[in-house]
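One structure is given below, encoded as C-alpha cells.
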Amino acid sequence: MKETERKFLVDQNKWKPKTEAKFIKQGYLTDDPKRSVRIRIYGEKAFLTIKGETKGITRDEFEYEIPVNDAKALMKMRVTEPIEKKRYKENVNGWEWEIDVFEGKNKGLVMAEIELDDESRKFDLPYWVRDEVTGDKRYFNLWLSKNPFVSWES
C-alpha cells in the first residue's frame, strides 16, 4: 500500500482542539533511513508498521494490528527513544487532518498532516497551518526519536 502525506507546523496561537485526543506511544525497531519498522500503541490498540523510503511525498506502508501486550514487549526492543504524543483528528473542508501534540522530549512541537490519494491533489489549508515541513527529515518521527525537538537550537 502507498502512503502519500503532507506535514505542516501548527500555529499554536490559532489552533485549539475540537475533538478528544488519543495518546500514542511509538518506538522503532530499526533506525535505517531507507526503511522503518515501528511499534505503535494508539489508544486501546497496537500496530506494527513497516515503511519504505520516501520518494517525493509517497512511500510504501504496511500496517498490521497486533495485540497490545505484544506491542508492549516489542517496545522494550526499540533502538531509539519513544515518541509520545496526543493525536487529534479534525475534518476541515471535507479533509481529515491529524494534529499531533508532542510530549516528552518533543514537547512544544505541534504538527498536522493530511493523507492524499495523489501527490498533485489540491486542498485548502486550515487557517491554523503554518510552514510545510513535508520534505524536512527533522520532522520525521524516526528523526525526532533520535534528535528530540527540545534539543534543537532556537
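For the reader, a short list of remarks on this structure follows.
- For the chain, the spherically averaged projection of the C-alpha convex hull amounts to 9.1 nm².
- In this rough spin-label picture, where each label sits 7 Å from Cα along the Cβ direction, the Leu125-Asp31 distance is 3.2 nm.
- Rounded to the nearest 20 debye, the dipole size of region 25-154 about its Cα centre is 580 debye, using +1 on the Cβ of Lys and Arg and -1 on the Cβ of Asp and Glu.
- Above-threshold pairs, the threshold being 24 Å between Cα atoms, out of Lys14/Lys34; Lys22/Lys107; Lys14/Lys72; Lys72/Lys137; Lys25/Lys105: Lys14/Lys34; Lys14/Lys72; Lys72/Lys137
- Averaging Cα coordinates gives a centre for region 100-122 and one for region 140-154; these two points are 14 Å apart.
- Separation in nanometres of the label points that stand 7 Å from Cα toward Cβ, at Glu61 and Glu103: 2.2 nm
- Computed [θ] at 222 nm, helices only, for the chain once each DSSP H run of length n ≥ 4 contributes -39500 (n - 2.57): -2500 deg cm²/dmol
- Sorted on the mean count of surrounding Cβ atoms within 10 Å across their residues, most packed first, peptides 120-127, 143-150 read 143-150, 120-127.
- Förster radius 25 Å - calculated FRET efficiency between Met1 and Ser151 (Cβ-Cβ, nearest 0.05): 0.15
- Computed over the alpha-carbon pairs of region 90-139, the distance histogram in 5 Å steps reads 4, 16, 28, 26, 16, 7, 3 percent, short to long.
- Protein accessible area in the chain, 1.4 Å probe - carbon and sulfur %: 48 percent
The values are calculated or read from the model by the stated rules, or taken from the named source; none is laboratory data. It should be emphasised that the depicted structure is a prediction, and the values quoted were computed from it without experimental measurement. So basically every Cβ, Gly included, is an ideal-geometry build from the backbone, and we count neighbours across all protein chains shown. Calculation scope for accessible area: heavy atoms of the full protein, side chains included, ligands and nucleic acids excluded. Shrake-Rupley method; radii C 1.70, N 1.55, O 1.52, S 1.80 Å.
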